[in-house]
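Read the structure below first, then the notes.
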Amino acid sequence: MKSETKRKTDSNEVLFGDQTGKTLLNMSFSGVPLTKFPQYILAAAQVKKACALANSKAGLLSPERAEQIQKACDLLIAGEYAEQFPVDVYHGGGGIGINMNLNEVIATLAGEDIQAPDVNLSQSTSDVCHTSLRLALIDMLALLDVQLAEWITALEKKAQEFAGVDTIGRTCWQDGLRVPVSALFEGLLATLNRQKHCFAEQSQKLTAVNLGWTVIGTGAGAPAAYRNEILSALREATGKELHWRKSPLDSAQYPDDLAEVSSAVRRLAEILAKFARDLRLLSSGPETGLRELTLPTVQKGSSFFPGKVNPVIPETMIQCAMLIGGHDSVIQNALGMGEVHLNVWEVMMGFLLMDSIGMLSRQMDLFLQHCVVGIGVNRDVCESYAFSKMPLIVDAKDRR
């Protein structure tokens with residue numbers, strides 16, 4: 001490795017080189033470094049590992065060199081050296097800074113000249129980033145699937161717990177007919193089951209990648225012998241059943257699979273925000289509100305009003321959904337911003353989407369553990385509503 005590419009910061013060795021430094025100097029504005037996305041670093045290391053294996057099998061890289069690169073990738077896959085990825089994930093050039101940061105760190109760990117082409121052999125930034133994003137998203141959606149399962153179990157218990165308590169059903173915020181308190185939880189339970197199925201379908205779509213087809217999907221720069229090996233090498237490196245899109249030209253121009261996942265994430269966030277608003281209203285009071293439900297007290301609600309407890313967890317869910325909605329608006333707009341043969345905004349779409357899933361996953365856990373599982377019911381209040389005038393009128397109408 002050339003000595004000028006090894007630098008020191010706070011007595012810690014820096015493993016990246018000049019190209020990463022140029023990205024930091026020229027294209028870093030958001031304050032969101034690649035370091036904050038360990039799922040992506042892991043996925044990209046799996047991609048680079050697969051590329052080294054495919055290049056070796058194709059006779060383009062010596063087995064010894066390929067092994068060195070793969071061992072370096074394994075260190076990143078194990079979660080080491082995450083601090084060596086400081087580039088801003090939102091930058092021009094379709095992800096070039098991210099790919100160069102990866103190449104330089106892996107080259108250093110593999111003991112080669114940091115400018116040597118072996119780590120990026122037969123690849124482009126486009127197909128590396130495209131594939132890495134989808135691998136990372138598949139893993140993140142798998143965790144979201146587990147959380148949805150936990151929510152479904154918790155809602156089933158709440159629906160059973162509240163099935164024997166009646167309250168008033170409301171439409172247009174006017175009194176309607178008598179319903180069990182469990183109706184609110186049964187409705188959410190059904191839609192979360194539906195969303196869980198939807199995410200399984202979206203995750204399956206993400207298994208279509210374009211590694212091996214380089215910049216705009218023609219495969220230029222990637223020998224046929226390498227392309228014949230890369231899918232099996234990628235499956236080996238990831239343990240995932242992956243395949244190519246029908247048209248690699250399509251994959252370079254239209255990242256609509258990311259837009260679809262973003263729509264699904266936004267929809268789930270808005271569903272949970274609707275539920276959060278319901279809880280916020282139905283627990284309002286304690287003296288002048290609806291007071292049907294009680295929410296766990298997690299912290300002091302006001303620095304001014306003594307004893308005031310605010311529904312901070314539902315409100316955090318609502319805020320999370322608003323932020324995700326903003327991300328999704330950018331993602332949907334970016335889909336149409338692709339020009340001619342390459343959508344250079346795909347990387348931005350992918351990282352915004354990963355940020356959305358990360359926010360939603362964290363908030364779903366907080367919402368469930370610190371609020372939903374501890375919801376209680378004020379039976380006397382609910383039954384006073386259930387046996388008020390309007391339900392009696394409806395009952396009498398039904399008996400005629």
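Which residue, of Leu234, Leu249, Leu295, Leu290, is surrounded by fewer than 22 Cβ atoms within 10 Å (Cβ to Cβ) and closer than 26 Å to Leu342 by Cα?
Being surrounded by fewer than 22 Cβ atoms within 10 Å (Cβ to Cβ) and closer than 26 Å to Leu342 by Cα holds for just one of Leu234, Leu249, Leu295, Leu290, which is Leu249.
State all residues of segment 44-101 that are out of contact with any strand residue (DSSP E or B) (no Cβ under 8 Å at 6 or more places or on another chain), in contact (Cβ under 8 Å) with a residue 40 or more places away in the chain and assigned to a loop (DSSP other than H, G, I, E, B); if no residue qualifies, say none.
Ala58, Gly59, Leu60, Leu61, Gly79, Tyr81, Tyr90, His91, Gly92, Gly93, Gly95
Under the condition of being in contact with a Leu (Cβ under 9 Å, 6 or more places away or on another chain) and outside any helix (DSSP H, G or I), which residue from segment 119-141 is nearest to Leu353 (Cα to Cα)?
Within segment 119-141, the match that is nearest to Leu353 (Cα to Cα) is Gln123.
Scan segment 178-188 and give yes if some residue there is assigned to a loop (DSSP other than H, G, I, E, B) and not aromatic (Phe, Trp, Tyr), otherwise no.
Among the residues of segment 178-188, at least one is assigned to a loop (DSSP other than H, G, I, E, B) and not aromatic (Phe, Trp, Tyr), which makes the answer yes.
Residue by residue, here is whether (1) assigned by TED's automatic domain parsing to the domain that holds Tyr40; (2) of a type in the set (Val, Ile, Thr); (3) in contact with a Phe, Trp or Tyr (Cβ under 6 Å, 6 or more places away or on another chain) holds:
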position	(1), (2), (3)
Asp74	yes, no, no
Ala82	yes, no, no
Pro86	yes, no, no
Ile96	yes, yes, no
Asp113	yes, no, no
Pro117	yes, no, no
Arg134	no, no, no
Thr153	no, yes, no
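Inspect segment 45-60 for any residue being among the charged types (D, E, K, R), under 28 Å from Gly358 (Cα atoms) and crowded, with 24+ Cβ neighbours inside 10 Å and give the result as yes or no.
Yes, segment 45-60 contains a residue that is among the charged types (D, E, K, R), under 28 Å from Gly358 (Cα atoms) and crowded, with 24+ Cβ neighbours inside 10 Å.
Out of everything in segment 258-287 that is crowded, with 19+ Cβ neighbours inside 10 Å and of a type outside the set (A, V, I, L, M), what residue ends up being farthest from Leu192 (Cα to Cα)?
So the residue we want is Ser283.
Please state which one of Ala264, Ala259, Ala252, Ala225 is among the small types (Gly, Ala, Ser), in contact with a strand residue (DSSP E or B) (Cβ under 8 Å, 6 or more places away or on another chain) and assigned to a helix (DSSP H, G or I).
Ala252
Which of the following residues is out of contact with any strand residue (DSSP E or B) (no Cβ under 6 Å at 6 or more places or on another chain) and either over 18 Å from Phe367 (Cβ atoms) or in contact (Cβ under 8 Å) with a residue 60 or more places away in the chain (or both): Asp127, Asp145?
Asp127
I'm trying to understand the selection: among the residues of segment 183-226, which are touching a residue at least 24 places away in the same chain (Cβ under 8 Å) and charged (D, E, K, R)?
Correct list: Glu186, Lys196, Lys205.
What is the residue count in segment 336-392 for residues that are outside any helix (DSSP H, G or I), polar (S, T, N, Q) and more than 30 Å from Tyr90 (Cβ to Cβ)?
2
The values are calculated or read from the model by the stated rules, or taken from the named source; none is laboratory data. All of these numbers come straight from a predicted model, not from anything done at the bench. Positions of Cβ are backbone-derived with ideal geometry, glycine not excepted, and every protein chain shown enters the neighbour counts.
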